[in-house]
1. Please express the Cα-Cα pair-distance distribution P(r) of region B:54-116 as a list of whole percents, one per 10 Å bin, running from 0 to the bin with the greatest distance.
2. Which of these, A:GLY20, A:GLY359, A:GLY303, has the largest mean-square fluctuation under a Gaussian network model of chain A (Cα springs below 10 Å)?
3. Within straight cross-link reach of A:LYS236, meaning Cα distance under 13 Å, which aspartates and glutamates are found once same-chain residues fewer than 8 apart are removed?
4. Just the Cα atoms of region A:20-67: what Rg and Dmax do they give in Å?
5. Assigning unit charges at the beta carbon (Lys, Arg +1; Asp, Glu -1) and nothing else, what dipole magnitude in debye, to the nearest 20, does region A:1-79 show about its Cα centre?
6. Cα convex hull of region B:3-47: mean projected area in nm², to one decimal?
7. Long-range amide H contacts for A:GLU376: which residues qualify at under 5 Å (H placed 1.01 Å from N, peptide plane, sequence gap of 5 or more or a different chain)?
8. Considering amide H positions built from the backbone, and no H for Pro or chain starts, which residues 5 or more places from B:THR93, or on another chain, come under 5 Å of its amide H?
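Coordinate-derived values only; no laboratory data. Worth saying up front: this structure is predicted, and the values here are computed from it rather than measured. Glycine gets a Cβ as well: all are built from the backbone with ideal geometry, and neighbour counts include every protein chain shown.
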Amino acid sequence: MLGRMEGPYDVMVVGGGPAGLAAAIGARDAGARRVLVIDREAEAGGILLQCIHSGFGLHYFKQELTGPEYAERFVTEAIDHEIDIVPNSYVSGIGLDSDGTKRVRILSDHYGLRTMTCRSVVLAMGCRERTRGAIRIPGTRPSGVLTAGLAQKFTNMMGYLPGKKVAILGSGDIGLIMARRLVLEGCEVVGVFELMPYSNGLTRNVVQCLDDFGIPLHLSTTVTEIMGADRLSGIKVAPVGSGFVPDMSKERRIDCDTLLLSIGLIPENEMSQSLGIQLDVTTRGPIVSSTLETSLPGVFACGNVLHVHDLVDFVTGEALRAGRHAGEYALGIRRAQDNIKLVPGDNVRYCLPHSLSTGHEHQIFMRCKEPMKPCEIIIGNIMRKKLSFVVPAEMIMFKIKPDALDRFQGDTLRIDIRPLQK
Amino acid sequence: MSDKKNFTCIGCPIGCPLQLTHEGLDVLEIEGNQCNRGAKYAQQEFRDPRRFVSTTVAIEGARHRRLPVKVTAPVPKDRVVDAAVEIHRIKVTAPVRIGDVLIRDLLGEKGVDVVATRTMERV
């Protein structure tokens, strides 16, 4: 599956997961002739390749696919679009010429160290998992403590089981999926522990991954100690009170040889930072305009490097748009600068993009801070949207039509989520 | 006397809370669903709960040691673990194409086949 690497390119995409592949296809659809995708793994497809469960594609393909099936469709489509995909390669730096040409330094196992030029770049590096160090769990440092996604790769691709008796901290989707997965592989899953008073995963995953197998979900509970010399021998857990402080008087020991962490994802923006691209402190992804362009002209971002999504279908939609804009940019098509800032208000953790322009339709992505039901999303004085519920685990998306924005006179549009009286 | 049963729809990420009212085996009413799939799911869940199963099988001669597979039709909910145990018995050799049928009529269930969910070349 090794593609050519022959510049100059119109668009270069960093990352060959679902975001990168869709961005490349979007760029080609916009008319870009030469598009390159660089991926650090041995094959394109990204994390989808280890997500062997189904549930992908309901929005985009209108059918339920497994991760590898979804990935294979996009790899095939990218090849059909005559996109060069080069695996086993890293982008180690991007430089800018005065005329806006980007010089991308690529370290590739096949092509060696090369510098390729292009007109625009799409950042699609995805995200990585938070580790034990991020939440500083006290105790010893035995083997058997690992992130849920790493356990997923071991189990589903490499053929290693991470352990036999497993506890899971964090109720993110990967943790829930892995609970079921390990039961099917013959492991005992002793419980899922969640700091928050609600699950951080999708409801359907709590139902079909935990409830179906009788795995207990302990809300408002956290791991207070990790025990064991060489191998994990057990953990201590305790309920948390206000301020998430564990109530140590109720601490109890749980025997297990493995602790999986499903405690959040961080967009991988080290390269974005080295380029001086401005990041949003909440999403930890780049600040982007309505064309998903970062603060560096001609550099676009999409997928989990921009903000962590819960469904790949939404990544695909966003990445196709980013790719189209990157393709247009490469062809010299420029849109007028955005004239309206979009800012989060009451119970809004973040909203994207960071700015809008009149005369265009806009796709808005946002998340709430706290669960609320029923409620209303209030977009300045131009739009209101009633929802039966909102939860932080589920991204909220909607479109703002051009005519709605035309009526808006200000330069800052604020989004609030407020409770509705029943 | 009618009884009520609560389900959470797993048809999509919304996860509608469903309430099914029944008298014996007769379904009288389904509430809480935002679309048709929810009503169908509650009916199915009440009469004959089933689940799709995804797992992996050993593969030789490929880049990875495990090949992801799935069933083409759902199996009874209480036989999900049995299905996984049965699937894990087989070992395949690369190359495998996406959609290749690896087991027919899993657990004797007519029409429940196990298929590869990705292509793996021989290396």
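1. 23, 57, 18, 2
2. A:GLY359
3. Correct list for A:LYS236: A:GLU225, A:ASP247, A:GLU251, A:ASP255, A:ASP257.
4. Computed over the Cα atoms of region A:20-67, radius of gyration and Dmax are 13.1, 35 Å.
5. On the way: 7 positive and 10 negative charges, 43 e Å.
Rounded to the nearest 20 debye, it is 200 debye.
6. On the way: hull surface 10.3 nm².
Averaged projected area of region B:3-47's Cα convex hull equals 2.6 nm².
7. Placed amide hydrogens put A:LEU387, A:ARG418, A:LEU420 under 5 Å from A:GLU376.
8. B:GLU60
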